[in-house]
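Written below as structure tokens is the structure these notes are about.
The values are calculated or read from the model by the stated rules, or taken from the named source; none is laboratory data. Bear in mind that the values here come from a model prediction, so they are computed numbers and not experimental data. Note: ideal-geometry Cβ built from the backbone for every residue, glycine included; neighbour counts use all protein chains shown. Ligands, DNA and RNA are excluded from the accessible area calculation, which covers all protein heavy atoms including side chains. Shrake-Rupley method; radii C 1.70, N 1.55, O 1.52, S 1.80 Å.
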Amino acid sequence: QEQEYLRLIDTANAPIFGVDHDGNVNVWNKCTATLTGFAPDEAIGKNLCATFITAQYRDLVSDVLTNAMRGVETANFEFPLMNKGATRLINILLNATTRRDISNEIVGVVGIGQ
């Protein structure tokens, strides 16, 4: 069942990415890779805000992620992701959702964009 879930995320026709407690990317689907030009292996482990968010939006995005880590989810938050080479900004309308493990402990945040 987990493999099906991972395949669904990876092949979704929407940008989906996830971060851990430290804000480091741990999910980066194919759509996000196509939009940004960063392959999953280039994004995984990198800090989302420091690496992929413009300076102007870093604090706002960080606040949204921090709130989601506390269980306060955000819907319809718009921000730009930088593409590889920082030559273009991709506007993302994001839903930031708390990720929980099987014992209902918060383990990170998943962002589903459009």
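In segment 25-36, what residues are open to solvent by 40 Å² or more (accessible area, probe 1.4 Å) and in contact (Cβ under 8 Å) with a residue 12 or more places away in the chain? Please lay out each step first, then the result.
At the first step, the residues of segment 25-36 found to be open to solvent by 40 Å² or more (accessible area, probe 1.4 Å) are 26, 30, 34-35.
Scanning segment 25-36 gives 26, 30, 35.
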Give the residues of segment 62-79 that are under 16 Å from residue 48 (Cβ atoms) and in contact with a Ser or Thr (Cβ under 6 Å, 6 or more places away or on another chain), sorted by residue number.
64, 68
Do we find that residue 11 is surrounded by fewer than 16 Cβ atoms within 10 Å (Cβ to Cβ), touching a Lys or Arg at 6+ places or on another chain (Cβ under 7 Å) and modelled with pLDDT under 95 in this structure?
yes
Every residue from segment 10-22 that is without any contact (Cβ under 8 Å) to a residue 24 or more places away in the chain and among the β-branched types (Val, Ile, Thr)
11
If a residue must be part of a strand (DSSP E or B) and loosely packed, with under 12 Cβ neighbours inside 10 Å, how many such residues does segment 96-107 contain?
0
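Within segment 40-59, which residues are loosely packed, with under 14 Cβ neighbours inside 10 Å and farther than 13 Å from residue 22 by Cβ? Quick ask: steps written out before the conclusion?
Narrowing segment 40-59 to residues loosely packed, with under 14 Cβ neighbours inside 10 Å: 41, 45, 50, 55-56, 59.
Result: 41, 55, 56, 59.
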Please enumerate the residues belonging to segment 78-95 that are open to solvent by less than 50 Å² (accessible area, probe 1.4 Å) and in a loop (DSSP other than H, G, I, E, B).
83
Counting only residues that are under 18 Å from residue 112 (Cβ atoms) and not acidic (Asp, Glu), which one in segment 67-76 is most open to solvent (accessible area, probe 1.4 Å)?
76
Residues within segment 9-40 that are of a type in the set (A, V, I, L, M, F, W, C) and farther than 21 Å from residue 75 by Cα, tallied
3
